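The values are calculated or read from the model by the stated rules, or taken from the named source; none is laboratory data. Worth saying up front: this structure is predicted, and the values here are computed from it rather than measured. Every residue, glycine as well, gets a Cβ built from its backbone with ideal geometry; the counts of neighbours run over all protein chains shown. What goes into the accessible areas is simple: the full protein's heavy atoms, side chains included, and nothing from ligands, DNA or RNA. Shrake-Rupley method; radii C 1.70, N 1.55, O 1.52, S 1.80 Å.
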Amino acid sequence: MDETSDFLLLKIILVGDALVGKTCILQRYVDHSFHHSYVSTIGIDFKVKTLHLNDKFIKLQIWDTAGQERFHTISTRYFRGAHGLLIIYDITNSVSFDNVVGWMKDVDANAGEDVDRIILGNKCDLEEKRIVSKEKGAKLAWEHGARFFETSAKDNVNIEKAFLALVQDIMNKNYIYGQRTDVVNLKKTEKKKCCSR
Ligand SMILES: Nc1nc2c(ncn2[C@@H]2O[C@H](COP(=O)(O)OP(=O)(O)OP(=O)(O)O)[C@@H](O)[C@H]2O)c(=O)[nH]1
């Protein structure tokens with residue numbers, strides 16, 4: 001990184017019902033791995049990934065929320081201050097798809113109606129068990145003004161693409177003609193800290 005490049009921090013949240021694959025999507029994206037075993041997320045967890053995009057270093061702080069109902073209050077509390085969210089359902093589970101609308105409302109209420117969001121229909125490798133059609137997923141996303149991808153954390157389908165699209169949407173919204181309007185600039189924050197000593 002040189003003196004002229006920006007270093008930005010973006011907060012991204014993964015939401016959706018239990019078992020849809022939030023943790024696996026995060027592990028695929030950050031650690032390039034996949035686990036068949038299921039360990040339910042307790043409360044909340046996060047990982048960090050750094051991208052270099054259009055001369056900017058972007059540190060993604062990606063929060064993996066717990067889908068289980070008993071953690072709902074904790075999960076939604078973390079939505080505040082998010083720059084973008086991935087709302088995930090499982091294409092083999094119609095209830096997880098029906099619940100996307102509820103998650104959207106939670107996002108509106110806790111992160112704001114303007115926050116960028118993308119809907120993901122995960123487990124698209126399980127075509128033989130598919131219950132939710134791709135068209136249904138795309139229609140729902142269109143109705144909510146969100147982008148849509150079908151993904152597979154297992155086979156690494158569209159995972160990078162989905163995160164990149166979300167980051168680009170956030171950057172397009174927050175950078176107007178190259179000016180930062182909302183995202184946290186780490187370089188500036190760090191400078192401030194050093195001068196106040
Ligand atoms: N076939 C297939 N299985 C997947 C995929 N993604 C996740 N799984 C499996 O689905 C199960 C649940 O995955 P998790 O990532 O733990 O689900 P989660 O949404 O984080 O669940 P909670 O932590 O309870 O909210 C695990 O057994 C995974 O191996 C996928 O793309 N394809």
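Some observations on this one:
- The residues in segment 144-169 that are charged (D, E, K, R), away from the ligand (no atom under 15 Å from the Cβ) and modelled with pLDDT of 95 or more can be counted, and the count is 1.
- Residue among Phe7, Phe71, Phe57 that is more than 7 Å from the ligand (Cβ to nearest atom), farther than 20 Å from Leu166 by Cα and open to solvent by less than 70 Å² (accessible area, probe 1.4 Å): Phe71
- Screening Thr151 with (1) touching a residue at least 60 places away in the same chain (Cβ under 8 Å); (2) open to solvent by 60 Å² or more (accessible area, probe 1.4 Å) gives one miss only, at (2).
- Residue match in segment 44-54 (condition: touching a residue at least 40 places away in the same chain (Cβ under 8 Å) and within 6 Å of the ligand (Cβ to nearest atom)): no
- Boolean, Phe71 is modelled with pLDDT under 95 and of a type in the set (Phe, Trp, Tyr): yes
- Exactly one residue out of Phe97, Phe34 is under 18 Å from the mean Cα position of the chain (by Cα), over 23 Å from Ile170 (Cβ atoms) and within 12 Å of the ligand (Cβ to nearest atom), and it is Phe34.
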